[in-house]
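**Student:** Input: one structure, supplied below.
All of the numbers you see were taken from the coordinates with simple rules; none came from a lab. Just so it is clear, the model here is predicted, and its values are computed rather than measured. So basically every Cβ, Gly included, is an ideal-geometry build from the backbone, and we count neighbours across all protein chains shown.
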Amino acid sequence: ATPTALMVGTGRGAQLGILIRGPEVLESTRVVDTVVLDKTGTVTTGEMTLVATVADGTIEEEVRRRAAALEGASAHPIARAVVAGFDGDVPAADDFRSIDGLGVRGLVDGVETVVGRPALIEEAGWPLPASLGTAVDEAQEAGRTPVVVGWDGAARGVLVVSDTVKPTSAEAVERLRGLGLTPVLLTGDNERAARAVAAQVGIAEVEAEVLPADKVAYVRRLQDEGRVVAMVGDGVNDAAALAQADLGIAMGAGTDVAREASDLTIVSGDLRGAADAVRLSRRTLGIIK
Ligand code: ADP
Ligand code: MG
């Protein structure tokens with residue numbers, strides 16, 4: 001394409017709410033055949049809510065209080081839900097540690113406290129009582145995310161967190177498919193929650209329980225298979241994957257890290273923008289009229 005055509009394409013992108021890093025990006029957009037979609041904050045709103053607390057009645061409040069104390073220091077969408085779900089006095093946490101893609105830990109009231117995926121509690125070597133194991137299973141079955149809260153050597157409660165699929169995500173996936181792209185859902189969340197979201201938007205291929213570092217490796221594996229990969233994300237635990245992809249697409253409402261790692265930014269955070277971008281590049285480069 002001529003430089004003029006590329007400039008016109010870039011300008012048209014801006015009108016559509018698609019910010020393009022440079023004219024050469026339209027070229028990589030055109031050849032993409034696979035689009036990897038991050039779940040939380042990309043396909044879903046990422047505005048999570050705390051829908052239930054499962055714990056012995058005498059410590060239910062304590063479970064939420066300790067979790068809120070730690071999550072106050074985390075930027076994860078789950079953290080916001082947990083903080084909003086407790087309306088008492090939140091103590092300050094000491095020795096806070098964020099374990100990417102797993103959860104958070106630290107000292108609350110001087111006692112080691114862990115909040116996150118069941119795998120994080122397992123890793124700590126702390127027992128999960130059978131009743132809480134059931135709560136984890138039930139939450140996952142319902143397409144929700146269980147957050148296990150433990151302190152002083154044992155899991156003591158499960159916070160059930162729920163996310164909502166963006167109203168335009170299903171149509172976006174249909175459009176991407178219509179353009180000949182294969183959509184894949186990639187997430188650090190549990191397999192069943194991921195499948196529930198995938199089913200709602202019409203995605204068949206799901207990679208779940210993937211740690212942040214493994215998201216990059218997954219993108220690289222697809223590339224090794226000869227696929228040309230677009231990755232759409234919000235930058236929470238997926239910035240390296242956005243940078244690795246042949247085309248990184250950031251959600252406008254996502255983090256600065258996402259925008260910095262990406263070639264395109266969809267200002268509105270509406271996933272249909274990803275399909276618009278592909279159409280735009282093909283048009284600009286004269287593939288379709
Ligand atoms: P996604 O790929 O869906 O964006 P992440 O990689 O950010 O998810 O996180 C994967 C999983 O790790 C979450 O579903 C959650 O179970 C757990 N997790 C991550 N951060 C936190 C946190 N701050 N508090 C509790 N759980 C967390
Ligand atoms: Mg994410």
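**Student:** Under a 10 Å cutoff between Cα atoms, tell me which one of Asp56, Asp89, Asp234 has the largest fluctuation in the Gaussian network model of the chain.
**Tutor:** Looking only at Asp56, Asp89, Asp234, the biggest GNM fluctuation is shown by Asp89.
**Student:** Return the single residue from Arg12, Arg117, Arg105 with maximal mean-square fluctuation; model: Gaussian network over the chain, springs between Cα atoms under 10 Å.
**Tutor:** Top of the fluctuation ranking is Arg12.
**Student:** Give the residues of the range 44-74 whose amide nitrogen is closer than 11 Å to a point set 7 Å from the Cα of Asp100 in the direction of its Cβ.
**Tutor:** none
**Student:** Pick from Pro146, Pro212, Pro23: which residue has the top mean-square fluctuation in a GNM of the chain where Cα pairs under 10 Å get a spring?
**Tutor:** Evaluated over the chain, the most mobile residue of the options is Pro23.
**Student:** Could I ask something else about it? Rounded to the nearest Å, what's the spacing between the alpha carbon centres of the range 246-264 and the range 20-86? Just the number, please.
**Tutor:** With the range 246-264 and the range 20-86 each reduced to a Cα centre, they are spaced 16 Å.
**Student:** Same structure again: Extension gain Glu61-Glu225, at 0.36 nm per residue separation less the Cα-Cα distance, in nm?
**Tutor:** 54.1 nm
**Student:** Please work out the FRET efficiency for the pair Glu27 and Glu260, using the Cβ-Cβ distance as r and a Förster radius of 22 Å; give the result to the nearest 0.05.
**Tutor:** So, using R0 = 22 Å, E works out to roughly 0.60.
**Student:** Next question, about the same structure. Quick one: dipole size for the range 49-162, taken about the Cα centre, charges +1 on Lys/Arg Cβ and -1 on Asp/Glu Cβ, in debye to the nearest 20.
**Tutor:** Magnitude of the dipole: close to 280 debye.
**Student:** Please determine, in degrees from 0 to 90 and to the nearest 10, the orientation of helix 130-141 with respect to the longest principal axis defined by the Cα atoms of the chain, where the helix direction is its Cα long axis.
**Tutor:** Tilt relative to the chain: about 20 degrees.
**Student:** How far apart, in nanometres, would the label points at Ala52 and Ala73 be if each is projected 7 angstrom from Cα along the Cα-to-Cβ direction?
**Tutor:** 3.1
**Student:** Got a sec to turn the phi values of the range 145-155 into Karplus ³J(HN,Hα) couplings, 6.51 cos²θ - 1.76 cosθ + 1.60 with θ = phi - 60°, whole Hz, x for Gly and Pro?
**Tutor:** The phi angles translate into 10, x, 10, 8, 10, x, 8, 6, x, 8, 6 Hz.
**Student:** If you place +1 on the Cβ of every Lys and Arg and -1 on the Cβ of every Asp and Glu, how big does the dipole about the Cα centre of the chain come out, in debye to the nearest 20?
**Tutor:** Dipole size: approximately 1480 debye.
**Student:** Then there's this: Output wanted: per-residue J couplings in Hz (rounded whole) for the range 222-232, from phi through Karplus 6.51 cos²θ - 1.76 cosθ + 1.60, θ = phi - 60°, x for Gly and Pro.
**Tutor:** Karplus values, whole Hz, x for Gly and Pro: 4, 5, 4, 6, x, 7, 9, 10, 9, 10, 10.
**Student:** Take every Cα-Cα distance within the range 148-289, group them into 5 Å bins from 0 onward, and report for each bin the whole-number percent of pairs it holds.
**Tutor:** Going from the shortest bin to the longest, the percentages are 2, 9, 16, 21, 23, 14, 6, 5, 3, 1, 1, 0, 0.
**Student:** Let me ask something else about it. From largest to smallest, what semi-axes in whole angstrom does the chain give when each is the square root of 5 times an eigenvalue of its alpha carbon gyration tensor?
**Tutor:** 39, 18, 16
**Student:** Give me the distance in nm between label points sitting 7 Å out from Cα along the Cα-to-Cβ direction at Ala124 and Val267, one decimal.
**Tutor:** Those two pseudo-labels are separated by 4.4 nm.
**Student:** I would also like to ask the following. In what order do Met48, Met231 fall by count of nearby beta-carbon atoms within 10 Å, going from fewest to most?
**Tutor:** Taking fewest neighbouring Cβ atoms as first place, the list is Met48, Met231.
**Student:** Sticking with this structure for a sec: For Trp126, Trp151, which order do you get if you count the other beta carbons within 10 Å of each Cβ and list the fewest first?
**Tutor:** Fewest-to-most Cβ neighbours within 10 Å comes out as Trp126, Trp151.
**Student:** Normalising by the residue count of the range 49-162, find the relative contact order in percent from Cα pairs under 8 Å and 6+ residues apart. Mind showing how you got there, number by number?
**Tutor:** Values: 223 pairs, mean separation 33.5, N = 114.
This gives 29 percent for the range 49-162.
**Student:** What net charge do the residues around Asp234 carry, taking every other residue with its C-beta under 14 Å from that of Asp234, with Lys and Arg at +1 and Asp and Glu at -1?
**Tutor:** On the way: positive: Lys39, Arg80, Lys166, Lys215, Arg259; negative: Asp38, Glu47, Asp163, Asp189, Asp238, Asp256, Glu260, Asp270.
Neighbour charge sum, excluding Asp234 itself: -3.
**Student:** Same structure again: Among Gly286, Gln223, Gln15, which residue has its Cα furthest toward the positive end of the charge dipole of the chain, with +1 on Lys/Arg Cβ and -1 on Asp/Glu Cβ?
**Tutor:** Gly286
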